[in-house]
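These notes concern the structure reproduced below.
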Amino acid sequence: MIEITDLHKSYVMGTNTLHVLKGIDFTVNEGELVAIMGSSGSGKSTLLNILGMLDEADQGTYTLDGTLIHNLNEKIAARYRNKFLGFVFQSFNLISYKNALENVAMPLYYQGVKRNERNEKAMHYLEKVGLAEWATHLPNELSGGQKQRVAIARALASEPKVLLADEPTGALDSTTSYEVMEIIQSINDEGKTILIVTHEDDIAHMCKRIVNLKDGIIIDDSIISQVRVKATSHV
Amino acid sequence: MFNIERWQEIFETIRKNKLRTFLTGLSVASGIFILVILLGFGQGMTNGVAKEFEEDAANRIVVWTGVTTVEHKGLNPGRFIELRNEDYDLLIKKYEDDLEFKSSVYRIWSGVATYKNESGSYRVEGVYPDYQFIENASLTAGRFLNYDDHNGYEKVIVIGHKVYKDLFGNKEAIGEQVQISGINFKVIGVYSDPGGEREESRIFLPLSTSQRVFNGGNKVRNMGFTLRPQATFQQAVQHSIAISNEIESFLKERHIVAPEDDSAIDSWNSLEEAKRYYDLMDMIKLFFWVVGICTIIAGVVGVSNIMLIIVKERTKEIGIRKAIGAQPWSIIGMILHESIFVTAIAGFLGLIFSMALLEVIGPNIEIDYIVNPSVNFNVAITTVFVLIIAGALAGFFPAWRAARIKPIEALREE
């Protein structure tokens, strides 16, 4: 599904050049649930941004679902993002003046799906994250956990190949974190490929594989035995 | 443009951001409103000045005399110069090709007119029949003086509307006898004058009669002329100045008056005066335009500012939209579409409101020099479009920049 070879990225900050990624080789197969770990400054968010086509690598190749991602212009990047990827952010990034249903329906709007079908689909994904009755609420009427579930529903709405989550539980307490992780696990059970950036050990262990980054290189990449979140921990 | 999904998206955004929409709209609407009102009053002033000049023929020349103040060719100052019928006859012969209507005027001092128990003091003037056109008078009853009256020394008068009201009330005046300084005159006509009451409180009688009955001999108080029309206003003004100067110096020479002695013989021509007024009007109109354009510029700057703030405020939203697959152009389109929609609606509201205001209060405004302020609809509508285009341009650049920001940077923006 994802294939990365010899990826480099550096940022120019004034006169200094900060070499963030120093040659990453990395493959993810379909249906995997991968945690990318590392201390702050290890380059894990940068890697995720490059994977998400929100940022571009300086060097190296990136293949997503058989498509070589290179020489992106804004237009193509936008199309690929819409077609291949769903995003979940630490700070949720919901549009504040749109209600939950409208937020979820947004990627479908940009796919050119008609309004009725859009709302129907969005409702389906809201049900999936257990928020059907909150459909007409604005983001500021929802709790942090609910917001993140709306964001997950939004990421799923466009039926992406890969779900990218950047510290999805970073702004949540542990109970709601587990709720969110449970949803992520159940989505993964349905076969969706998911990458999660996190620095929390317990969250990482709820995935199937942990990739450890330090100073811009992968220092450890291992399959683990997944810790399932108990279904009783919420609802 | 006709994408219904896009419209729905925009209406939703507008509905959910009422304050922002209202402020944008307000600045556009007030800009248009102020401009239209300003232009309306500019036009009102032009109308007002034009009306002031309606009271007399537009290309009128008047010559009159007074006392000499300058010693000339051995003659002492202090002589009273009097025009004679011969001066008039010479002048109209000399300028036959230039003059259209001409009349000399003999004024009777202390003209008290009496009809039955009513009486009043009016300007009583002996004039030629042409004087009707020089004064721009129109008859509401009877006829004006004619050359038969003049040649026959008829004791007939034409009275102004004010005189008629004073003496006759609403009764029939034609054929009635009115006494002026104890002498009976028959009323043959009533006239009205665009100049209003001041111009309508006069009594005209044939020049010949006035000179004979009131011991005028062949004296003339002043002379009035109008000039034949010229191709352009500019030519008419030049011609008018030239002729009035020529007439003045001709008479000065004939009466042995120093060329520079304007208190002995002086002339006035309405076109020179009119030109001064029209020049002033042009200046005022220009001023209104400058103020109006500055208002529009202020409006454009205001709209630009708001657009800039809107785009800044929406940077994060733009980032989110891009992250979930929005094309850059769809974002630019969304912002422009919304801004054009809002400025257009607000612009037309301002236009309609200001034009309605001018329509309602315009005709009721009765101040000197301001008559029926109104505005050229095409000018107003052009202004609205200028503002809309300016707003769109002002919105375009920040929107374009925002759409080019990498989503990751936009998302970091808090």
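Residues that are polar (S, T, N, Q) and part of a strand (DSSP E or B) within segment B:127-155 comprise B:SER138, B:THR140, listed in sequence order.
Here's the yes/no breakdown for (1) out of contact with any Lys or Arg (no Cβ under 8 Å at 6 or more places or on another chain); (2) among the charged types (D, E, K, R):
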| site | (1), (2) |
| --- | --- |
| A:GLU120 | yes, yes |
| A:LEU126 | yes, no |
| A:ALA151 | yes, no |
| A:ALA155 | yes, no |
| A:SER158 | no, no |
| A:ASP166 | yes, yes |
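Filtering B:VAL105, B:VAL158, B:VAL124 for residues that are within 34 Å of the chain's Cα centre (by Cα), part of a strand (DSSP E or B), hydrophobic (A, V, I, L, M, F, W, C) and within 20 Å of B:GLU172 (Cα to Cα) leaves a single hit, B:VAL158.
Restricting the first member to segment B:67-82 and to residues that are within 22 Å of B:GLN211 (Cβ to Cβ) and in contact (Cβ under 8 Å) with a residue 12 or more places away in the chain, and the second to residues that are of a type in the set (S, T, N, Q) and outside any loop (DSSP other than H, G, I, E, B), the beta-carbon pairs closer than 8 Å and six or more apart or on different chains are B:PHE80/B:THR65; B:ILE81/B:THR65; B:GLU82/B:THR65.
Within the bounds of segment B:283-293, is there any residue that is surrounded by fewer than 20 Cβ atoms within 10 Å (Cβ to Cβ), in contact (Cβ under 8 Å) with a residue 24 or more places away in the chain, within 14 Å of another protein chain (Cβ to nearest Cβ) and more than 19 Å from B:VAL384 (Cβ to Cβ)? Looking through segment B:283-293, none of the residues is surrounded by fewer than 20 Cβ atoms within 10 Å (Cβ to Cβ), in contact (Cβ under 8 Å) with a residue 24 or more places away in the chain, within 14 Å of another protein chain (Cβ to nearest Cβ) and more than 19 Å from B:VAL384 (Cβ to Cβ). Pull up segment B:333-349, narrow it to residues that are surrounded by fewer than 20 Cβ atoms within 10 Å (Cβ to Cβ) and among the aliphatic types (A, V, I, L, M), then point me to the one that is farthest from the other protein chains (Cβ to nearest Cβ). Looking at the filtered set, the residue picked out is B:LEU349. Against the list (1) over 18 Å from B:LYS186 (Cβ atoms); (2) in contact with a Lys or Arg (Cβ under 7 Å, 6 or more places away or on another chain), the condition B:PHE101 fails is (2). In the set A:GLU190, A:GLU200, A:GLU182, only one residue is closer than 28 Å to A:ASP65 by Cβ and in contact (Cβ under 8 Å) with a residue 12 or more places away in the chain; that residue is A:GLU182. Can you say whether B:LEU358 is over 17 Å from B:GLU409 (Cα atoms), of a type in the set (A, V, I, L, M, F, W, C), more than 14 Å from chain A (Cβ to nearest Cβ) and crowded, with 21+ Cβ neighbours inside 10 Å, as far as the supplied structure shows? In short, yes. In the condition set (1) within 14 Å of chain A (Cβ to nearest Cβ); (2) free of Cβ contacts under 8 Å to residues at least 40 places away in the same chain, B:ALA323 is compliant with all but (2). The residue that is surrounded by the most Cβ atoms within 10 Å (Cβ to Cβ), among those in segment B:306-320 that are in contact (Cβ under 8 Å) with a residue 12 or more places away in the chain and more than 14 Å from chain A (Cβ to nearest Cβ), is B:MET307.
Got a sec? Which of B:GLY120, B:GLY78, B:GLY126 is loosely packed, with under 13 Cβ neighbours inside 10 Å and touching a strand residue (DSSP E or B) at 6+ places or on another chain (Cβ under 7 Å)?
B:GLY78
When A:ILE152 is tested against (1) without any contact (Cβ under 8 Å) to a residue 60 or more places away in the chain; (2) within 14 Å of chain B (Cβ to nearest Cβ); (3) among the β-branched types (Val, Ile, Thr), just one condition goes unmet, and that condition is (1).
Of all residues assigned to segment B:257-267, none qualifies as being modelled with pLDDT of 80 or more and assigned to a helix (DSSP H, G or I).
Within segment B:319-333, the set of residues being over 16 Å from A:ASN103 (Cβ atoms) and of a type outside the set (Ser, Thr, Tyr) comprises B:GLN327, B:PRO328, B:TRP329, B:ILE331, B:ILE332, B:GLY333.
Mind telling me which of the residues A:TYR80, A:TYR125 ends up being under 20 Å from the mean Cα position of the chain (by Cα), more than 10 Å from chain B (Cβ to nearest Cβ) and of a type in the set (Ser, Thr, Tyr)?
A:TYR125
Does any residue of segment B:15-26 turn out to be out of contact with any Pro (no Cβ under 8 Å at 6 or more places or on another chain) and either under 23 Å from B:HIS150 (Cα atoms) or in a loop (DSSP other than H, G, I, E, B) (or both)? Looking for residues that are out of contact with any Pro (no Cβ under 8 Å at 6 or more places or on another chain) and either under 23 Å from B:HIS150 (Cα atoms) or in a loop (DSSP other than H, G, I, E, B) (or both), one finds at least one in segment B:15-26, hence yes.
Test B:VAL187 against the stated conditions and say whether it is hydrophobic (A, V, I, L, M, F, W, C) and either more than 23 Å from B:SER103 (Cα to Cα) or out of contact with any Ser or Thr (no Cβ under 9 Å at 6 or more places or on another chain) (or both). Yes; evaluated as a whole, the condition is true for this residue. Scanning segment B:4-13 for residues that are farther than 14 Å from B:GLY395 by Cβ and touching a residue at least 60 places away in the same chain (Cβ under 8 Å) gives B:ARG6, B:GLU9.
You will find that of B:LEU90, B:LEU99, the residue that is within 32 Å of the chain's Cα centre (by Cα), within 20 Å of B:ILE265 (Cα to Cα) and surrounded by 12 or more Cβ atoms within 10 Å (Cβ to Cβ) is B:LEU99 and no other. Filtered by the rule that a residue be in a loop (DSSP other than H, G, I, E, B), in contact (Cβ under 8 Å) with a residue 40 or more places away in the chain and either within 14 Å of chain B (Cβ to nearest Cβ) or exposed (fewer than 13 other Cβ atoms within 10 Å of the Cβ) (or both), segment A:57-74 gives a lone residue, A:ALA57.
The values are calculated or read from the model by the stated rules, or taken from the named source; none is laboratory data. Source: prediction; values computed, not measured. Every residue, glycine among them, receives a Cβ derived from its backbone with ideal geometry; neighbour counts consider all protein chains shown.
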